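Each remark here refers to the structure printed beneath this line.
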Amino acid sequence: MLNLSLHQIAEIVHGRLLTGRDDSLIQHVETDTRHSFGDGALFVALRGANYDAHIFVAEAMRRGARGALVEQAFENPPPNFAIIHVDSTLRALQTLAAYHRQRCRARVIAITGSNGKTIAKDCLVALLNQNFRVYGSPGSYNSQVGVALALLQLDPETDIAVIEAGISQIGEMEYLQRMIRPDFGILTNIGAAHFQGFGSRKKIAVEKLKLFAELPPEGWLILPFDEMLSEVSGAVKNLPQIYRLNHAPELPRLLDWQSAGPNRSQLRLAFPSGPGASFTSEIPLNIDISWREIADTLLMAVSAAHLLGAPAPAIRQALAQFNPPLNRLEIWKSHSGAVFINDTYNSDPVSVHACLRALTRYPNQRKIFVFGGMAELGDAGAYEHRIVGEEACRQNVSVLLTVGEPAAETAATFQNLLPTAQTVRCRNIDEAEAHIEQLAGANDVIVIKGPRHSHFERMVQRFKTRLSNSVYYIRLARIKSNIIAMKELLADDVKILVMIKALGYGADAAQVARYLSNERVVDYFGVAYTSEAIELRYGGLTDPILVNMVRREDAYDCARLDLISVVDRADVAQALSEAAQTVGRPVKVHLKVDTGMGRFGVLPAQAVPLAQYICTLPMLELQGLMTHFSSADDPAADSFSQTQLDQFNTVIAALQQLGIDPPLKHAAATSGLNRLANSHYNLVRIGLGAFGVYPSEAVRQAVRLTCAVALVSRIAEIKEYPAGVPLSYGRRFYTQRPSRIAILAIGYHDGLRRALTNKGYVKIHGQCAPITGTICMDFTLVDVTDIPQAQVGDPALIFGEYNGDEIRLEDVAALIDTIPYEILCTLSPRIQRLYVSE
Ligand SMILES: *Cc1c(COP(=O)(O)O)cnc(C)c1O
């Protein structure tokens, strides 16, 4: 409750009250007319990049708002409706929030960081709840507007407020700091989220630390154990006491983390007993194994709760009950071609909205939303379910399927707003499943969102297993973090091109590109053939795409679809110029120089005349110069790679002499990027490394990547044989002992190389099972004699990293004398691709 008169508000925000009774009381503010307007609401008309809420002032009035805060003149307001005029409604909203925060007695703890802010906040609120009156910002309200709204809801009686702060570009944190004025702080980590708005990790760190620039002397700040942060925080003035996570003696420590049965793990935390900090009370705790990935985030919350005085037993109890709102979208394509997006990990407002937002990545497809409702919302339940209906409408959902009573509210709202769409209320999960089966077609994207541990999860499981026996998992977030890990090695001005030729190294180029484009970690995409680029464009990708192999016949497509063409021939350049004139838009080209790769490219001697010729052609823009290494992965060939660079540099210099200086110059792929620091120029082309696979051992020495893929098959059948029995074609294996042999549902057609016969192995229940006998087209035999718990249906890891097990693809390739590239890109279409974004 704000309890401020219009007159007071106008004064606080330095606005002019144009009409309305100035003594009427305002209790809360709203920025969105879709929300309910209670008594005493003030509508704040914000302007964004794509919208201007001033057009909703009339709607706010109709819905009972007492007045509006606006930046532009408003014609003929009714006498009982107040208009407060300000220069910037956003700044006014923030000023009001800052004012309200200052008059509340709560101690405020601010949380920022690249990942895990919301989980840390929710967890901290849960940990403090027993001992304090706590308030946490709702959902992930962490933006310029979100923080203001979160603060404006702060109750004067609250003891501790936990406020989340997020920024999307440099310069924003100052405003958040002025509003929040935190007493304490947590910085979860510095990843490279929203990378393009920022530049380097250091810059991000400096910007984020601004939130804590004016902590009071008795305040503190918890930082992760990160070298770069220690360095940077040393340079920031006026920081108070800093505690480094898991290192400061005043903080609880994580002693260990072990598996404790299926899906459970046990962690032991040690708490310092007092200021003297000897570790006494240890807390063993059984929690979900998937929490492991967010261990640091949870430890942040535990540490803060401890410093704020929550007793260890209360922390333990709350932690055991805490349910982190993880968002784990799984995406796959069914045989019918429909894209499934599943998140049945949990169901709460934040994750439901995140799930629906994933639909924006599929602009041209019919959208089907299957919703099982949200649990444990109490009084807010009906309201939150209506909001989901509104969001579904905004995302242009064509078919809404709901299951269960709570979601009926969503169905009603959706139907009201969008009567032309189809709304189906299913009585149970079987009905929903039958509907989905019937509906799902090639142009559909189907979002499934239901509560965890429900029939929903089992339905999704059935969809997945029916699809295919072998699944290729692609962890999208890891691809992103690999790219970021490599970006760390580059100067700030070096741009990133991700090569997604060969179906994105077997992963499906469109899916990977869509994700990376959305995450804004990539500046350019690259493909081998024009046809691959056409597919990406038709799939809705609007980012710049470089095509490596352009023929004359491709010229028109390149011009029409705004593709950047690699050229090494005059006739192709000429065709592109003609196509550009036809289309009426310049075509960008990169001239490729062959400095020793011996494939495409002009030889250095002809590079200058060709570049000059290109410059004479109308509507052709020479945007780049490039070359390609033949042996950058190999330290023994470094002097050769150096001569390649020397020749490239000579061409660059010769062209500069003539006043030809294309803005982009590039040479390095994964190997060059990681091994040859002078090969970066201002663009690098990353392929294999993005997937967390190393081109060679030498590259592995140079950078740490995380394997982002895993090929997993299943045991189709298990047989028992006595000793001395021949197995599979050609009798290339005889059992040496009484043996249990598992037949896996994968063969050389799928991409499991036949050369691995009697050489390779798979992992089942974390143990190695050798491949025995000839690998068949569709099946492979492995020995599970020493893995007695192996059963039909169990997963078998073929390569990659899956559920904590790993078989390095590089090792598999070495066994049969090939390279990891070849194995990745020869996986057959029969294998189900499953994308996990977390
Ligand atoms: C494939 C390719 C790349 C990427 O190579 P990786 O070793 O997979 O990183 C870069 N540039 C060109 C021209 C390529 O063909």
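The values are calculated or read from the model by the stated rules, or taken from the named source; none is laboratory data. Bear in mind the structure is a predicted one, so any value in this text is a computation, not a measurement. Positions of Cβ are backbone-derived with ideal geometry, glycine not excepted, and every protein chain shown enters the neighbour counts. Accessible surface is based on the protein model in full, side chains and every heavy atom, while ligands, DNA and RNA are left aside. Shrake-Rupley method; radii C 1.70, N 1.55, O 1.52, S 1.80 Å.
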In region 140-157, anything in a loop (DSSP other than H, G, I, E, B), over 18 Å from G48 (Cβ atoms) and open to solvent by less than 50 Å² (accessible area, probe 1.4 Å) is listed as L154
2 or more residues under 23 Å from V651 (Cβ atoms), of a type in the set (V, I, T) and open to solvent by less than 40 Å² (accessible area, probe 1.4 Å): qualifying helices (runs of 4 or more DSSP H) within region 495-604 = none
Hey, V471 of a type in the set (V, I, T), away from the ligand (no atom under 16 Å from the Cβ), closer than 30 Å to I823 by Cβ and in contact with a Leu (Cβ under 9 Å, 6 or more places away or on another chain) or not = yes
If you check every pair at least six apart or on different chains, which have Cβ atoms under 6 Å apart with a residue in region 816-833 that is within 13 Å of Y748 (Cα to Cα) first and a residue that is hydrophobic (A, V, I, L, M, F, W, C) and within 15 Å of the ligand (Cβ to nearest atom) second?
-> I823/A813
Would you check which residues across region 480-539 are in contact with a Cys (Cβ under 6 Å, 6 or more places away or on another chain) and small (G, A, S) and list them?
-> A502, G506
Output for region 513-530, where each listed residue is within 14 Å of the ligand (Cβ to nearest atom) and either more than 16 Å from the chain's Cα centre (by Cα) or closer than 17 Å to Y473 by Cβ (or both) = Y524, F525, G526, V527, A528, Y529
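Taking region 575-628 on its own, how many of its residues are free of Cβ contacts under 8 Å to residues at least 24 places away in the same chain and under 36 Å from the mean Cα position of the chain (by Cα)?
Looking only at region 575-628, we keep the residues that are free of Cβ contacts under 8 Å to residues at least 24 places away in the same chain, and these are 575, 578, 584, 603, 605-606, 609, 616.
Remaining after also requiring under 36 Å from the mean Cα position of the chain (by Cα): none.
Here the count works out to 0.
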What do you reckon, is A668 of a type in the set (G, A, S), out of contact with any Asp or Glu (no Cβ under 6 Å at 6 or more places or on another chain), within 13 Å of the ligand (Cβ to nearest atom) and not in a helix (DSSP H, G or I)?
-> yes
For residues that are within 9 Å of the ligand (Cβ to nearest atom) and either among the hydrophobic types (A, V, I, L, M, F, W, C) or over 25 Å from the mean Cα position of the chain (by Cα) (or both), tally how many sit in region 674-692.
-> 5
Being in contact (Cβ under 8 Å) with a residue 12 or more places away in the chain and within 16 Å of the ligand (Cβ to nearest atom), is that true of even one residue in region 651-664?
-> yes
Cβ pairs under 8 Å, 6+ apart, first in region 380-406 and at positive phi, second surrounded by fewer than 16 Cβ atoms within 10 Å (Cβ to Cβ) = none
Qualifying position, being within 13 Å of the ligand (Cβ to nearest atom) and out of contact with any Ser or Thr (no Cβ under 7 Å at 6 or more places or on another chain), among A491, A510, A502, A533 = A502
Quick one: Q701 ticks every box in (1) modelled with pLDDT of 95 or more; (2) over 25 Å from the mean Cα position of the chain (by Cα) except a single one, so which number is it?
-> (1)
So which residues in region 29-45 are more than 18 Å from E390 (Cβ to Cβ) and either at pLDDT below 90 or in a loop (DSSP other than H, G, I, E, B) (or both)?
-> D39, G40, A45
Of all residues in region 275-311, how many are within 29 Å of P182 (Cβ to Cβ), surrounded by fewer than 17 Cβ atoms within 10 Å (Cβ to Cβ), more than 31 Å from the chain's Cα centre (by Cα) and modelled with pLDDT of 65 or more?
-> 2
Taking first residues from region 672-691 that are within 22 Å of L503 (Cα to Cα) and second residues anywhere that are away from the ligand (no atom under 12 Å from the Cβ) and part of a helix (DSSP H, G or I), the pairs with Cβ under 7 Å that are 6 or more apart or on different chains are A690/I479; F691/I479
Taking into account only those residues within region 744-760 that are surrounded by 21 or more Cβ atoms within 10 Å (Cβ to Cβ) and not hydrophobic (A, V, I, L, M, F, W, C), which is farthest from the chain's Cα centre (by Cα)?
-> T757
When residues of region 647-673 are limited to those that are open to solvent by 20 Å² or more (accessible area, probe 1.4 Å) and among the polar types (S, T, N, Q), the one farthest from the chain's Cα centre (by Cα) | Q657
Which ones in region 761-812 are open to solvent by 10 Å² or more (accessible area, probe 1.4 Å), in a loop (DSSP other than H, G, I, E, B) and either among the acidic types (D, E) or in contact with a Phe, Trp or Tyr (Cβ under 9 Å, 6 or more places away or on another chain) (or both)?
-> C776, M777, D778, D786, D794, R808
A407 vs. criteria aliphatic (A, V, I, L, M) and open to solvent by 20 Å² or more (accessible area, probe 1.4 Å) = no
If M619 satisfies every condition in (1) within 16 Å of the ligand (Cβ to nearest atom); (2) open to solvent by 10 Å² or more (accessible area, probe 1.4 Å) but one, which is the exception?
-> (1)
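Collect the residues in region 59-88 that are acidic (D, E) and outside any loop (DSSP other than H, G, I, E, B), keeping them in residue-number order. Quick ask: steps written out before the conclusion?
Quick first cut of region 59-88, residues acidic (D, E) only: 59, 71, 75, 87.
The answer is E59, and nothing else.
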Could you say whether any residue in region 707-718 is more than 16 Å from the ligand (Cβ to nearest atom), more than 30 Å from D634 (Cα to Cα), in contact with a strand residue (DSSP E or B) (Cβ under 8 Å, 6 or more places away or on another chain) and assigned to a loop (DSSP other than H, G, I, E, B)?
-> no
